[in-house]
1. For residues that are surrounded by fewer than 24 Cβ atoms within 10 Å (Cβ to Cβ), in contact (Cβ under 8 Å) with a residue 60 or more places away in the chain and part of a helix (DSSP H, G or I), tally how many sit in the range A:24-80.
2. Among the residues that make up the range B:82-97, is at least one of them at pLDDT 85 or above, open to solvent by 30 Å² or more (accessible area, probe 1.4 Å) and of a type in the set (Ser, Thr, Tyr)?
3. Exactly one of these conditions fails for residue B:22: (1) over 18 Å from residue B:118 (Cβ atoms); (2) in a strand (DSSP E or B). Give me its number.
4. For the range B:8-30, does any single residue satisfy the condition of being at pLDDT 80 or above and either β-branched (Val, Ile, Thr) or under 25 Å from residue B:237 (Cα atoms) (or both)?
5. Name the single residue that is nearest to residue A:70 (Cα to Cα) among those in the range B:213-234 being more than 10 Å from chain A (Cβ to nearest Cβ) and not in a helix (DSSP H, G or I).
6. Can you pull out the residues in the range A:92-136 that are in contact (Cβ under 8 Å) with a residue 60 or more places away in the chain, among the polar types (S, T, N, Q) and open to solvent by 50 Å² or more (accessible area, probe 1.4 Å)?
7. At pLDDT 90 or above and more than 8 Å from chain B (Cβ to nearest Cβ): is that true of residue A:64 in this structure?
8. Looking at residue B:222 and the list (1) open to solvent by 40 Å² or more (accessible area, probe 1.4 Å); (2) within 14 Å of residue B:159 (Cα to Cα); (3) touching a helix residue (DSSP H, G or I) at 6+ places or on another chain (Cβ under 8 Å), which single condition is not satisfied?
Amino acid sequence: MSVLRPLDKLPGLNTATVLLVGSEDALLQQLADSMLKEDCASELRVHLAKALPLPSNVNRPRIDLIVFVINLHSKYSLQHVEESLHHVDASFFLGRVCFLGTGAGQEHHCILHRNTVLKLAHTYRSPLFFCDLEVEDFRATMAQRLVRMLLICAGHVRGVSALNLLSLLRTSETPPPEEL
Amino acid sequence: MSKEPDEDVDLFDMEQFKRSFKKILQRALKNVTISFRDAEENAIWIRIAWGTQCTKPNQYKPTYVVHYPQTPYAFTSSRLKSIMPLLGQALTVASKHHQIVKMDLRSRHLDSLKAIVFKQYDQTFENHNSTTPLQERLDSRIIHENKVENERVQRITQESFGDYPQPQLEFAQYKLETKFKSDLNGGILAERKEPLRCLIKFSSPHLLEALKSLAPAGIADAPLSPLLTCIPNKGMNYFKIRDK
């Protein structure tokens, strides 16, 4: 069982790589396009995967950030993400993983409850964002945030590390889901 | 509806069919209006307005029947249980067949029903603009990790559904009468001896195209359940499933 480990490779010069994991290819593609539209000094690369583990015979750069995309309209997408989480090394969760829940805006199509995703993110101590990826403006904003996070995780922002960012994001967290 | 043809089918005589059909219905029900139209080459369209012994035929709720004389098939627009046996009998006798069987296939689109029943749905059209999947994007900064898996899904989808546009159906309905199966041991429902009755209905403006796009969109695993993919093949979209 191959496990994704952070920092197991040397970083590329001025490159930052993000891995988007989600079962719906069209959503991931749209998000990837939006992220690449952002202006930034570093070279960005986006890898799209339906699930982990990734095929092992490929030469790929070091992954700086993993974004797990869960569609609240599909239990299937949650299943894929939950299974993929087993293939990620624990040290990734020190600020280099985040969860993204999409589709919350269309309540009547939602099969998953927000709390399910909240609990999942809380279990893995990682930030959770909700964003309707199908709406272009929301997607563009989300892409901006993710690019900023990616640059921090890749070490391209002076004075802030991935772990710093994680603790900054956590202080504004609502009480744990058990009390909700 | 379909019929079992008998041994030798005589050459079809349109006028004789019309006379026979009219005679049978009018003998059974005095108050009924029947009109015929030869709209297409190989088809006869029949419009029937039904009345009762006391009331005049209701022209606002007619039944339409389309029969293709070269084939043992007829398509009807009404599902009124009361008139079905009589209509079936009239069609059978007028077209000189032995019996008539109702198929579990319903749709709003006559062309699609014809395509399924006459097995013409798997013809690809002339323009070979094969739609390539949206994977190949020119941006080299986006890498798809699961190319192999995506190709597998495309291949399986193509094997189940083919390259051609699917016939248009609106519903698929599964009436389950099976024992309750559960992963968890115990539970109230698991101990029932009688089968659990359950109705599952899929609806869509274009059901088969929707099913075809499930796996490529990442909403379901490929291959899909054979209960879904067998619909055009079996010519059924209303199923009753029982334990064997």
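The values are calculated or read from the model by the stated rules, or taken from the named source; none is laboratory data. Quantities reported herein were computed from a predicted structural model and do not represent experimental measurements. Note: ideal-geometry Cβ built from the backbone for every residue, glycine included; neighbour counts use all protein chains shown. Only protein heavy atoms, including side chains, enter the accessible area calculation; ligands, DNA and RNA are left aside. Shrake-Rupley method; radii C 1.70, N 1.55, O 1.52, S 1.80 Å.
1. 4
2. No, because not a single residue in the range B:82-97 is at pLDDT 85 or above, open to solvent by 30 Å² or more (accessible area, probe 1.4 Å) and of a type in the set (Ser, Thr, Tyr).
3. Here residue B:22 clears every test but (2).
4. The answer is yes, given that some residue of the range B:8-30 is at pLDDT 80 or above and either β-branched (Val, Ile, Thr) or under 25 Å from residue B:237 (Cα atoms) (or both).
5. Here the answer is B:222.
6. Within the range A:92-136, just A:115 meets the criteria.
7. yes
8. (1)
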